[in-house]
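The values are calculated or read from the model by the stated rules, or taken from the named source; none is laboratory data. Remember, it's a predicted structure, so these values are computed and weren't measured experimentally. Note that we place each Cβ from the backbone using ideal geometry, even for glycine, and neighbour counts take in every protein chain shown. Remember, those area values only see protein heavy atoms, side chains included, never the ligands or the DNA or RNA. Shrake-Rupley method; radii C 1.70, N 1.55, O 1.52, S 1.80 Å.
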Amino acid sequence: MENGSGGVVRISVVIPVFNEESSIGDSLDSLAAQRRPIDECIIVDNNSTDRTVDIVDEFTDRLPIRVIRESRQGATWARRTGNDSATGDVIGVIDADTLVEPGWTEVIERYLTDNPEIDGISGPFYFHDSPFAERGRRNALSAAEEHGLRDVGHTALSGGNSAFRREVWHSSKRHMKNLPGTHEDVDFTYALGVAGARLRRVPALVAAISTRRYEASIRSNWGYLTATVRTQRAHGDHRTATVQTVLLPLNIVQIAVSGLVFRPYDPTTGKWRPFRRAAVDRVSPVT
């Protein structure tokens with residue numbers, strides 16, 4: 001397993017999926033292209049009714065895939081089941097729409113081996129299907145080159161692009177509130193804090209996500225944002241929750257405006273087409 005200096009021997013990647021046939025193939029392509037191969041890829045099927053699992057099965061000759069099922073609906077349950085099943089020294093977590101850079105696992109291995117006192121890392125995002133994708137990728141890779149493997153301070157762990165030592169998952173999960181209407185990423189980060197975990201943001205851990213959160217309805221996004229506030233209050237962080245509550249109207253306007261830009265854009269052709277995509281509700285990482 002893990003050597004005495006904190007070296008990483010095995011990396012597991014956990015991906016919860018629910019009707020992700022439009023994105024899971026590209027995500028798995030990016031994992032299969034890693035220069036440092038993944039040791040275990042756990043796909044947690046959370047009651048998919050489309051071709052998601054069929055597409056996953058097509059990658060079994062390129063990735064060490066294990067498909068498990070979680071019948072309780074929600075990313076919280078799916079990710080928990082996946083993390084509990086992981087056998088690697090480190091668990092990398094991404095979403096089904098995440099595309100990781102070819103050196104993603106190299107960064108995880110090198111940083112956590114060189115910094116045995118650090119328990120988890122997260123990295124920056126850009127949007128791979130936005131009209132600004134190339135600029136976002138250039139900026140992210142430029143920052144990664146500038147900072148190398150130096151971290152830039154404390155961070156929260158995002159379900160879309162992070163990695164943590166397996167033992168810290170098992171020591172912290174009991175501190176998660178796991179309450180209805182709370183946000184699983186935020187819940188996990190607070191639980192890690194209670195467990196004394198040390199987390200860092202590493203610019204070299206670059207990933208891309210889709211704009212689908214910005215394409216969701218205002219109602220869906222309001223629920224997404226208020227779940228974060230509810231989670232902060234559940235963990236007794238009333239000061240941060242108050243600040244976030246004050247910022248809610250501004251954040252919802254920002255998301256709505258971004259949706260007006262992203263929805264008409266066709267990333268395949270690189271052109272805008274009026275009313276190309278209607279606002280849709282997504283299953284969010286909310287318990």
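At a glance:
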| quantity | calculated |
| --- | --- |
| Hits in region 25-50 (condition: over 17 Å from R66 (Cα atoms) and in a loop (DSSP other than H, G, I, E, B)) | A33, Q34, R35, R36, T49, D50 |
| Neighbours by Cβ (under 7 Å, 6+ apart or cross-chain): first from region 36-51, more than 10 Å from I11 (Cβ to Cβ); second small (G, A, S) and part of a loop (DSSP other than H, G, I, E, B) | I42/A86; N47/S71 |
| Yes/no for S22 being small (G, A, S), assigned to a loop (DSSP other than H, G, I, E, B) and over 20 Å from N161 (Cβ atoms) | no |
| Which listed residue is closer than 30 Å to G103 by Cβ, modelled with pLDDT of 95 or more and among the basic types (K, R), from R282, R230, R198, R239 | R198 |
| Where E70 falls short, out of the listed (1) open to solvent by 10 Å² or more (accessible area, probe 1.4 Å); (2) closer than 16 Å to S12 by Cα | (2) |
| Within region 131-234, strands (runs of 3 or more DSSP E) holding 3 or more residues that are touching a Cys at 6+ places or on another chain (Cβ under 7 Å) and either closer than 24 Å to I91 by Cβ or open to solvent by 40 Å² or more (accessible area, probe 1.4 Å) (or both) | none |
| Residue list for region 188-208, restricted to those being closer than 16 Å to T155 by Cβ and either among the small types (G, A, S) or within 14 Å of the chain's Cα centre (by Cα) (or both) | F188, T189, A191, G193, A195, G196, A197, R201, A204, L205, V206, A207 |
| Any hit, region 44-62, residues being in contact with an Asp or Glu (Cβ under 7 Å, 6 or more places away or on another chain), open to solvent by less than 10 Å² (accessible area, probe 1.4 Å) and over 23 Å from R166 (Cβ atoms) | yes |
